[in-house]
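Here the structure is laid out as structure tokens; the discussion comes afterwards.
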Amino acid sequence: MAPSTESTHTSARPRAGRIRRATVAAVAVLTTAGLLSACSYGSKSDDKASASAKPAASGTKLSADTVKIGYFANLTHGTALVGLKQGIFQQELGGTQIKTQVFNAGPAEIEALNAGSIDIGWIGPSPSINGYTQSGGKSLKIISGSASGGVKLVVNPEKIPTLDDLKGKKIATPQLGNTQDVALLNYLAEKGYKVDAQTGDGDVKVLRTDNKVTPDAYKSGSIDGAWVPEPTASKLVTLGAKVLLNEKDVWPDKKFVITNIIVSQKFLTEHPDVVEAVLRGSVKTNAWIKANSDQAKSVANDQIKADAGNALDASILDPAWQDIDFIDDPLANTLQAEADHAVTAGLLKKPNLAGIYDLTLLNKVLKENNQPAVADAGLGTK
């Protein structure tokens, strides 16, 4: 993890109302080290700590003086980016101070959660499964959804004109066993292609390539396409690639989880009022994003620049943002499906995900906002 740098998030009132930078630790239930690692989705920052947001001048004192929040500096974590930048979370937390830490990969965030360095985090589905199963179901709970979509198969149109032209081609994914890798392997298997999940060899060559170098690999011809998250997918399009398949199109209702909100079970037990305040902030942020999409996009990009050192160009930002849905529903049935896909691919022994969700506080907040409750697909706290 890179040395900490300090910066201040300034509170501001809101104007209205889915791995890969680090080697993944082996998981007891996994057959392959490195499976189910996290998504950094094109973030270029190193893991770093940032200083606390200033507490609101007034507000009800909650049970914790500080809440430590982790996230990635990328668009699929837009709820965290916008909610922090706009001061929405701080408004809900009142006198409780926010301390943030920006991560570049999910394993580091899970490690930080287990060590108590963060209490709550925005993170992808694979590291959520990883962290939960590795701890025997004792480390974390998924307490909300945050984002859906934002993953595409983009290819060199001269080499791969159609989906029937994948045989013999080289397709990149971010990392062995990560969320997009599993999705590609599952898609290829459904189409009848044979691929060795471990080596990536077969009818289609699957190459595990870090998102940071995927654009250069595409330009050099080392790969013919990539199944990748945003904004990497849109970056490739600016280099001449075309979108051959949007992953939304292979999921029922065109929805699948790409980002969850997780919490340390210890923090949830000791400070449920703080967790509830963060969830109120998340629900309000998602509503504000939907009502102010263009402004929210700009706010998210400003926070990315602050966290990662550089903003995204409009040619990448605009299509990437448009493809991500910011939602409160964790889409629990798709989490189970993603785990099942990994099992089918031969990368994972069937995990026991019972109890991974605790949506009690989220559904309380949704009810207060006259919104319907969300389901845990039978994987909730008993």
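The values are calculated or read from the model by the stated rules, or taken from the named source; none is laboratory data. Treat the numbers as computed from the prediction; the structure is a model and nothing was measured. Don't worry about glycine lacking a Cβ; one is built from the backbone with ideal geometry, like all the others, and counts go over all protein chains shown. Side chains are part of the model used for accessible areas, which takes the heavy atoms of the whole protein and leaves out ligands, DNA and RNA. Shrake-Rupley method; radii C 1.70, N 1.55, O 1.52, S 1.80 Å.
Among the candidates Asp181, Asp249, which residue alone is of a type in the set (D, E, K, R), over 10 Å from Val154 (Cβ atoms) and open to solvent by 30 Å² or more (accessible area, probe 1.4 Å)? Write out each step before concluding.
On the way: Asp181 fails: open to solvent by 30 Å² or more (accessible area, probe 1.4 Å).
Within the list Asp181, Asp249, the selection yields Asp249.
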Return the pairs, sorted by first residue and then second, in which the second residue is in a strand (DSSP E or B) and open to solvent by less than 10 Å² (accessible area, probe 1.4 Å), the first residue lies in the stretch 108-125 and is more than 18 Å from Thr96 (Cβ to Cβ) and polar (S, T, N, Q), the beta carbons are less than 9 Å apart, and the residues are 6+ apart or on different chains. Asn114/Leu140
Applying the selection to the stretch 196-207, what residues are surrounded by 14 or more Cβ atoms within 10 Å (Cβ to Cβ) and at pLDDT 95 or above? Gly200, Gly202, Asp203, Val204, Lys205, Val206, Leu207
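If you check Leu153 against the conditions, is it at negative phi, buried (at least 24 other Cβ atoms within 10 Å of the Cβ) and modelled with pLDDT of 95 or more? Show your work before the answer.
On the way: at negative phi: yes; buried (at least 24 other Cβ atoms within 10 Å of the Cβ): yes; modelled with pLDDT of 95 or more: yes.
Yes.
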How many residues of the stretch 351-372 are open to solvent by 20 Å² or more (accessible area, probe 1.4 Å) and either under 22 Å from the mean Cα position of the chain (by Cα) or among the polar types (S, T, N, Q) (or both)? The answer is 9
Taking the stretch 251-301, which residues are of a type in the set (Gly, Ala, Ser), part of a helix (DSSP H, G or I) and farther than 30 Å from Ala226 by Cβ? Ala277, Gly281, Ser282, Ala287, Ala291
Restricting attention to the stretch 315-347, the residues that are open to solvent by less than 10 Å² (accessible area, probe 1.4 Å) and over 15 Å from Gly149 (Cα atoms) number exactly 3
Residue match in the stretch 81-99 (condition: surrounded by fewer than 24 Cβ atoms within 10 Å (Cβ to Cβ) and acidic (Asp, Glu)): no
Just the residues that are of a type outside the set (Ser, Thr, Tyr) and surrounded by fewer than 24 Cβ atoms within 10 Å (Cβ to Cβ), please, taken from the stretch 109-130. Glu111, Ala112, Asn114, Ala115, Gly116
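Here is a yes/no grid of residues against (1) more than 26 Å from Lys254 (Cα to Cα); (2) over 12 Å from the mean Cα position of the chain (by Cα); (3) modelled with pLDDT of 95 or more:
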position	(1), (2), (3)
Ile98	yes, yes, yes
Asn104	yes, no, no
Glu109	yes, no, no
Gly121	no, no, yes
Gly124	no, no, no
Ser128	no, no, no
Ser135	yes, yes, no
Gly145	no, no, yes
Conditions first: (1) under 13 Å from Thr76 (Cβ atoms); (2) open to solvent by 40 Å² or more (accessible area, probe 1.4 Å). Pro231 passes all but one, so which condition is the exception? (2)
For the stretch 96-140, the count of residues that are within 14 Å of Lys68 (Cα to Cα) and among the small types (Gly, Ala, Ser) equals 5
